[in-house]
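Read-outs: derived from the displayed coordinates by stated rules, not from any lab. Note that the structure is a prediction, hence the values are computed from the model and not measured. Ideal geometry is used to build each Cβ from the backbone, glycine not excepted, and the neighbour counts take in all protein chains shown.
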């Protein structure tokens with residue numbers, strides 16, 4: 001039955017969808033909402049979801065899109081609010097960021113690739129399917145994203161004890 | 001690059017663990033959103049699980065205030081104001097082919113509707129609506145039978161009798177041994193609505209229970225084709241259940 005099947009899908013995926021939304025937005029307060037909205041979309045397009053080769057990937061793709069839209073809205077809003085006080089954009093970046101803040105600094109594609117590849121252990125091919133880009137693009141965005149992230153985390157050259165040494 | 005990968009993997013996983021998703025809140029939001037969008041876009045196919053649940057109670061029992069009242073109950077606080085109790089696992093009262101693309105939860109009466117809610121393996125509740133009246137009689141009783149395999153901590157049974165000539169209530173009664181159930185009858189413009197409700201704090205053990213909506217009507221019998229019933233229940237383990245049906 002459709003509702004039972006959806007319920008099972010919900011049970012299987014809601015936790016991982018919400019964590020994905022969190023990593024992509026860096027905001028715990030919206031992660032559940034975005035993931036729930038993605039699941040609502042899954043429900044609406046249930047026929048397509050079950051027909052999809054990877055139903056979970058279908059949902060992850062929606063989460064990723066919703067998260068991206070949310071981040072864009074936030075950025076626009078922030079720009080509008082901060083316009084009068086605008087400073088040089090890079091001047092106030094602290095030398096060491098926490099993971100959440102560091103992820104937020106990555107461009108969307110890199111962030112999505114890093115998160116999907118490393119937090120969710122998906123293959124390059126799966127990530128390509130979710131983001132609708134080529135495997136090559138996933139490779140390069142993941143590699144650049146990972147490098148940028150470690151840099152932001154203070155591990156520019158010394159990765160092992162980068163957390164402590166970089167100031 | 002292995003070093004970078006390990007570091008990144010460790011970092012993003014630790015960060016992912018920071019967030020603790022609230023399953024119930026997500027579920028409630030899905031329910032609310034789907035209901036809202038259903039109202040907003042009447043012409044688009046309604047989600048089937050809503051049709052099978054609270055939305056069907058709303059549709060069949062006349063919508064608006066009544067349904068809110070029915071679902072929320074008159075006691076205690078309303079648990080989730082915009083979206084009352086909805087169970088994704090509720091079976092549907094209307095016949096739909098599994099996997100059929102777009103059944104609609106319209107207010108229109110289905111051309112063929114079984115009086116019995118479809119029993120499903122995943123719900124502990126089974127209901128049936130029947131009419132007890134002699135052919136051409138001037139009085140009758142609409143009977144709703146509720147069978148549960150789990151203890152229920154909440155139970156509301158609504159019976160809506162569409163106005164027919166000289167329809168007058170003779171009151172409601174029920175056979176729910178060992179539990180306190182109140183019954184009321186409300187006169188709506190186009191219907192009589194019988195409401196049976198398990199008293200707060202009381203519970204109903206697994207078993208079969210019967211609810212009777214009694215009435216008199218014009219001589220010559222009464223057409224029960226537009227009548228409907230709805231059952232809103234919660235198991236003691238917290239599962240919300242909604243069933244609707246006809247007679």
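Numbers for the structure displayed
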item: Selection within region B:129-151 - under 16 Å from the mean Cα position of the chain (by Cα) and over 23 Å from residue B:186 (Cβ atoms); result: B:147, B:148
item: Helices (runs of 4 or more DSSP H) wholly inside region A:1-86 that include at least 3 residues being facing chain B (nearest Cβ under 10 Å); result: A:2-25, A:28-44, A:46-51
item: Unique residue being under 24 Å from residue B:14 (Cβ atoms), in contact (Cβ under 8 Å) with a residue 24 or more places away in the chain and surrounded by fewer than 21 Cβ atoms within 10 Å (Cβ to Cβ) when the list is A:60, A:68, A:19; result: A:68
item: Subset tally (residues that are within 7 Å of chain A (Cβ to nearest Cβ), more than 11 Å from residue A:99 (Cα to Cα) and part of a helix (DSSP H, G or I)) for region B:10-26; result: 3
item: Number of the exception - residue A:26 against (1) under 21 Å from the mean Cα position of the chain (by Cα); (2) on the phi < 0 side of the Ramachandran plot; result: (2)
item: Selection from region B:165-185 of residues that are in contact with a strand residue (DSSP E or B) (Cβ under 9 Å, 6 or more places away or on another chain) and part of a loop (DSSP other than H, G, I, E, B); result: B:166, B:167, B:176, B:177, B:178, B:179, B:180
